[in-house]
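Here the structure is laid out as structure tokens; the discussion comes afterwards.
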Amino acid sequence: MTKREEREHKFRLLFSTQFYKETEIPEQLKRYFESPDYEDGDGIVHMEKLSPEDEERLTAEVSEIVAKIPELDQKINAAIEGWKTDRMTKTDLTILRLSLYEILFMEDIPEKVSINEAIELAKKYGGNESGAFVNGVLARLVDEDRQTVAVKHEKAHKKVQGELTKKTEKDKTVHILVNKAKTE
């Protein structure tokens with residue numbers, strides 16, 4: 001299973017959790033793997049059978065994301081003006097939650113990869129404007145949370161120290177992350 005296929009499974013699993021009570025989610029996650037075919041808008045997609053280990057790992061990871069939903073939604077709501085998570089389409093919200101979780105908590109996934117994959121998911125599963133919407137929200141989230149992301153990358157790459165600078169020119173503000181090698 002490729003990383004993209006894995007992310008799509010996580011997206012579909014996480015998406016399905018929005019329709020059930022919290023107590024029903026574990027059972028519904030199991031049922032996902034029992035019905036391997038799904039409709040993607042273009043036709044029926046036949047999902048190849050996953051190993052029990054992959055099923056267990058995907059279920060555990062999605063359960064971790066579900067546990068972080070209040071924290072993720074709080075960050076999403078704080079980053080966008082005029083929108084709140086309860087007004088977003090379930091598809092866009094699911095993609096934002098998955099990508100933000102990856103950015104904040106999965107050190108092995110580069111931030112740019114997570115954002116790019118989120119945009120691809122939005123284009124595939126969302127509406128006409130979903131790709132642009134998801135891209136815009138994630139850009140704001142990453143910009144506002146740059147220091148947290150820099151700290152995450154510092155942990156993954158011990159020899160990199162992130163420093164956030166701000167440059168304002170002609171009424172435009174740009175945040176720049178400068179990386180310097182540590183001198184020891």
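Just a few scattered comments:
- Residue, least open to solvent (accessible area, probe 1.4 Å), within the range 102-143, restricted to residues that are more than 21 Å from ALA67 (Cβ to Cβ) and not in a helix (DSSP H, G or I): GLY126
Conditions (1) assigned to a helix (DSSP H, G or I); (2) modelled with pLDDT of 90 or more; (3) open to solvent by 90 Å² or more (accessible area, probe 1.4 Å); (4) in contact with a His (Cβ under 7 Å, 6 or more places away or on another chain), marked per residue:
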position	(1), (2), (3), (4)
ARG31	yes, no, yes, no
GLU53	yes, yes, yes, no
LEU58	yes, yes, no, yes
GLU61	yes, yes, no, no
ILE65	yes, yes, no, no
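- Residue satisfying all of: in the range 125-144; over 14 Å from the mean Cα position of the chain (by Cα) and within 22 Å of ASP108 (Cα to Cα); modelled with the highest pLDDT among these: ASP143
- Pairing each residue of the range 112-123 that is more than 14 Å from THR89 (Cβ to Cβ) with any residue that is assigned to a helix (DSSP H, G or I) and open to solvent by 30 Å² or more (accessible area, probe 1.4 Å), provided the two are 6+ apart or on different chains, yields C-beta distances under 6 Å for ILE119/ASN135.
- Under the condition of being out of contact with any Asp or Glu (no Cβ under 7 Å at 6 or more places or on another chain) and in a helix (DSSP H, G or I), the residues counted in the range 76-98 number 14.
The values are calculated or read from the model by the stated rules, or taken from the named source; none is laboratory data. No experiment lies behind these values; they were computed from the predicted model shown. So basically every Cβ, Gly included, is an ideal-geometry build from the backbone, and we count neighbours across all protein chains shown. For accessibility, only protein heavy atoms count, side chains too; no ligands or nucleic acids. Shrake-Rupley method; radii C 1.70, N 1.55, O 1.52, S 1.80 Å.
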